[in-house]
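Scroll down for the structure; my scribbles are underneath it.
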Amino acid sequence: MHDFDDLLAANRVFAAEFDFGGFDGIAHAGVGIVTCMDSRIEPLGMLGLKPGDAKILRNPGGRVDHSTLEALVLGVHLLRVDRILVVPHTRCAVATSTQEEVRERVAASAGDIGAWEPMHVVRDQLDSLADDVQKVRTHHLVPDHVQVGGFLYDVDSGLLVQHY
């Protein structure tokens with residue numbers, strides 16, 4: 001039970017100054033962000049946003065999959081999202097390794113990995129980004145007025161470059 005004591009102590013400090021209570025859950029800046037789970041990415045900060053401004057969806061590689069599309073549809077129709085940014089990043093582990101390399105690294109750590117366990121990698125970031133942006137733009141429940149852009153975030157400079 002003590003494994004989380006440091007985090008719970010930090011949470012008490014955070015909660016003592018917490019002033020986001022009562023938010024309505026709406027994306028007040030109308031922004032939805034799909035990005036990687038990489039801890040070098042601070043989605044709100046990189047866009048000059050604050051808590052309550054955006055809906056943030058994170059997964060390995062910042063990919064648009066079924067769950068991501070479901071969340072984006074909910075964001076668009078229930079939470080006032082009208083701009084969606086798809087944002088993978090430089091030096092991403094799933095974009096710089098082969099599927100076999102990722103599987104080997106996980107197997108070395110886990111001691112075993114079943115052949116059935118998928119380990120998705122990105123072979124070409126810009127091609128994947130184009131595909132992901134297209135998935136969102138053409139989804140039948142994402143209206144044409146919703147702006148969808150594809151960007152690459154540079155983890156070394158903090159710059160965001162739009163590609164699509």
Relative contact order of segment 119-164, pairs being alpha-carbon contacts under 8 Å that are 6 or more residues apart, as %: 30
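Quick one: dipole size for the chain, taken about the Cα centre, charges +1 on Lys/Arg Cβ and -1 on Asp/Glu Cβ, in debye to the nearest 20. Walk me through the numbers on the way to the answer.
On the way: 14 positive and 24 negative charges, 87 e Å.
It works out to roughly 420 debye.
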Among bridges DSSP assigns within segment 63-164, what percent are antiparallel (round to 5)? 40
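For segment 1-54, what class follows from the C-alpha gyration tensor (a ≥ b ≥ c being the square roots of its eigenvalues): rounded when a/c is under 1.5, otherwise prolate if a/b is larger than b/c, else oblate? Mind dumping the intermediate values first?
Values: a/c = 2.66, a/b = 1.47, b/c = 1.81.
Note, shape of segment 1-54 comes out oblate.
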I'd like the FRET efficiency for Arg105 and Asp19, computed as 1/(1 + (r/R0)^6) with the beta carbon distance as r and R0 of 41 Å, rounded to 0.05. 0.50
GNM on the chain, C-alpha springs below 10 Å: top fluctuator among Leu152, Leu49, Leu72? Leu49
Top of Ile56, Ile84, Ile113 by mean-square fluctuation, Gaussian network on the chain, Cα under 10 Å: Ile113
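How high is the relative contact order of segment 1-132, in percent, counting Cα pairs under 8 Å that sit 6 or more residues apart?
On the way: 158 pairs, mean separation 32.4, N = 132.
The normalised contact order for segment 1-132 reaches 25 percent.
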Write down, largest first, the equivalent ellipsoid semi-axes of segment 10-164 in whole Å, where each equals the square root of 5 times an eigenvalue of the alpha-carbon gyration tensor. 28, 21, 16
Using the charge dipole of the chain (Lys, Arg: +1 at Cβ; Asp, Glu: -1 at Cβ; taken about the Cα centre), state which of Gln147, Phe4, Ser128 has its Cα farthest towards the positive end. Gln147
Please say if segment 5-97 is rounded, prolate or oblate, where rounded means a/c under 1.5 for a ≥ b ≥ c the square roots of the C-alpha gyration tensor eigenvalues, and otherwise the choice is prolate for a/b larger than b/c and oblate otherwise? oblate
Can you show me the helix-derived [θ] at 222 nm for the chain, built from DSSP H runs with n ≥ 4 at -39,500 (n - 2.57) apiece and divided by the number of residues, rounded to the nearest 500. -10000 deg cm²/dmol
Which one of Arg103, Arg80, Arg12 has the biggest mean-square fluctuation once the chain is modelled by GNM with Cα springs under 10 Å? Arg12
Label point at His163 placed 7 Å out along Cα→Cβ; residues across segment 93-126 whose backbone nitrogen lies under 11 Å: 123-126
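Since every read-out is calculated from the coordinates, none of them should be taken as a lab result. Since this is a predicted model, take the numbers as computed values, not measurements. With ideal geometry, Cβ positions are generated from the backbone for all residues, glycine too; neighbour counts draw on all protein chains shown.
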